[in-house]
Amino acid sequence: MKKNEICEITITGVTNEGNGVGRYENMAVFVPFTAVGDIIECKIVKVKKSYAYGIVNKILKPSDKRCESNCDVFKKCGGCAFCHFDYEEELRVKQDFVKASFERIGKLQVDWEEILGAEKLTGYRNKAMYPVGTNEKGELVCGFYSRRSHRVVEYLDCNLQPAVFKKILERILFWCNENKITAYDEITRKGLLRHIYLRKGEYSGEIMVCLVVTETTCDFSQLVKLLAEEFSDVKNVVLNLNKENTNVILGNEFKTIYGEDFITDNMCGKTFRISPLSFYQVNTKQAEKLYEIAKDYADLKEDESLLDLYCGVGTIGLSVCGNNKLVGVEIIPQAIENAKTNAKLNNKENAEFICGDAGEIADMLLKRGESPDVIIADPARKGCDNLSLESMVRMSPERIVMISCNHATAARDCAYLCENGYKIIKGRAVDLFPRTTHVECVVLLEK
């Protein structure tokens, strides 16, 4: 096989990144924007020792799983991967992703319940971070990063975001261009505005506007006035200071220039305050269904206690625990302050929220003689660290509910727990991120 060779390939599978997979001359060929069942004319663009990458020259026979994309920048933007799939096929693929990770990485056979799909495929995200750049006219623009790059694809009308986000972005960009605000340049490390970060309460409608800047002395008061006058749901405007030469979007310093330091929303019938750094599921209505599954798996009895590791603003613990004793652990101070307030807002008295590393706090709780009956862990994509897993095993809860947005690390962590006294009873994949490659999973383990 050679670069630029043209060949005919039938797509037989899909990778975790959303690329179709076929075979040619006994080699796997990865081709983006294809679906299982497609027969394509493929141009080889890169050849490795045992596999190759190709692009579609022509679709000779389309798969019956294929549909027309409803996005103008689908093939340029790095956000979505499955706009060309019908949704039933997307769910099948995501179920296979989760099952394959547990079998291949964890060497685990799980009784998987049917994947829970989303009712809403558009406008479901309550949070978006838009990188800012400059176009050929020298004007500020924003959108999304192109796949595997930091090149900004200019686009405000993303199907996954609430429609009001586009209007807010247009107002911000117009004001910035009128007032000669400069975009941050990663090469020269000059410029003021790096990202525009928007958050919206699904039920409350309250909107947070956060501008990520390299210095906070610029006067945004006129912009604040315009936003407040035009958008009644904008409840606060926050500046986030990030002067570092880094891929990390948010810095640690915040300056509220309008409204409170938070917005409020509802989830599972509870009220929650959310700060800029606080973890809060981006698909609220689907997250409510996820938490119902977690609650069912946790199956808390009247006298049992719950430890909520990686608790964020307390959404899972407060939604699940009822009158049971609750301890929540989270490393972000803002989120812990929100969680404490949220416990008061929801009249939850027997709750304690502790700020610190999940593993270290779990170890501390163990040393002070606290052993919860049930643990719920919802770590970031990197999964649980070794100390967290070791402490969970030493605490010896009756049940552990593992929630994860990364089925690969979930499989790894569940394998450790299964090697140390636990067994998997059942699991379920939940689609919180339609049209993207991401999928959540919930797993119940019992001692």
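The values are calculated or read from the model by the stated rules, or taken from the named source; none is laboratory data. Bear in mind the structure is a predicted one, so any value in this text is a computation, not a measurement. When we count neighbours, we look across all protein chains shown, and the Cβ atoms used for this are built from the backbone with ideal geometry, even at glycine. Note: accessible area is taken over every heavy atom of the protein model, side chains too, but ligands, DNA and RNA are not part of it. Shrake-Rupley method; radii C 1.70, N 1.55, O 1.52, S 1.80 Å.
Under the condition of being of a type in the set (Phe, Trp, Tyr) and in contact with a strand residue (DSSP E or B) (Cβ under 6 Å, 6 or more places away or on another chain), which residue from segment 253-303 is nearest to residue 232 (Cα to Cα)?
258
Does residue 52 fit the bill of being in a loop (DSSP other than H, G, I, E, B), open to solvent by less than 30 Å² (accessible area, probe 1.4 Å), closer than 30 Å to residue 411 by Cα and in contact with a Lys or Arg (Cβ under 9 Å, 6 or more places away or on another chain)? Give the derivation first.
Details: in a loop (DSSP other than H, G, I, E, B): no; open to solvent by less than 30 Å² (accessible area, probe 1.4 Å): yes; closer than 30 Å to residue 411 by Cα: yes; in contact with a Lys or Arg (Cβ under 9 Å, 6 or more places away or on another chain): yes.
Considered against the rule, which asks whether it is in a loop (DSSP other than H, G, I, E, B), open to solvent by less than 30 Å² (accessible area, probe 1.4 Å), closer than 30 Å to residue 411 by Cα and in contact with a Lys or Arg (Cβ under 9 Å, 6 or more places away or on another chain), residue 52 comes out as no.
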Test each condition in (1) open to solvent by 30 Å² or more (accessible area, probe 1.4 Å); (2) over 22 Å from residue 98 (Cβ atoms); (3) of a type outside the set (D, E, K, R) for residue 438 and report the one that comes out false.
-> (2)
Within segment 13-34, can you find the residues that are open to solvent by 70 Å² or more (accessible area, probe 1.4 Å) and in contact with a strand residue (DSSP E or B) (Cβ under 6 Å, 6 or more places away or on another chain)?
-> none
Does any residue in segment 1-15 that is free of Cβ contacts under 8 Å to residues at least 24 places away in the same chain come within less than 6 Å, Cβ to Cβ, of a residue that is among the acidic types (Asp, Glu) and exposed (fewer than 14 other Cβ atoms within 10 Å of the Cβ) six or more places away or on a different chain, and which pairs are these?
-> none
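Looking at segment 185-201, which of the residues that are open to solvent by 10 Å² or more (accessible area, probe 1.4 Å), in contact with a strand residue (DSSP E or B) (Cβ under 6 Å, 6 or more places away or on another chain) and not in a loop (DSSP other than H, G, I, E, B) is nearest to residue 259 (Cα to Cα)?
Kept after step one, since they are open to solvent by 10 Å² or more (accessible area, probe 1.4 Å), are these residues of segment 185-201: 185-192, 194-195, 200.
Filter once more, keeping what is in contact with a strand residue (DSSP E or B) (Cβ under 6 Å, 6 or more places away or on another chain): 191-192, 194-195, 200.
Filter once more, keeping what is not in a loop (DSSP other than H, G, I, E, B): 194-195, 200.
Values: 194: 22, 195: 20, 200: 15 Å.
This residue is 200.
Having 1 or more residues that are open to solvent by 20 Å² or more (accessible area, probe 1.4 Å) is the bar; report the helices (runs of 4 or more DSSP H) wholly within segment 305-382 that clear it. It would help to see each step written out before you state the result.
On the way: elements: 315-320, 333-345, 358-367.
In segment 305-382, 333-345, 358-367 are the helices (runs of 4 or more DSSP H) which contain 1 or more residues that are open to solvent by 20 Å² or more (accessible area, probe 1.4 Å).
Being modelled with pLDDT of 95 or more, out of contact with any Pro (no Cβ under 9 Å at 6 or more places or on another chain) and part of a strand (DSSP E or B) narrows it down to one of 88, 113, 103, so name that one.
None of the other options fit; the residue is 113.
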By residue number, the members of segment 409-431 that are open to solvent by 30 Å² or more (accessible area, probe 1.4 Å) and part of a helix (DSSP H, G or I) are 412, 416, 418
Please list, ordered by first then second residue, the pairs with beta carbon atoms under 7 Å, 6 or more apart or interchain, first in segment 170-192 and at positive phi, second open to solvent by 60 Å² or more (accessible area, probe 1.4 Å) and in a loop (DSSP other than H, G, I, E, B).
-> 189/245; 191/182
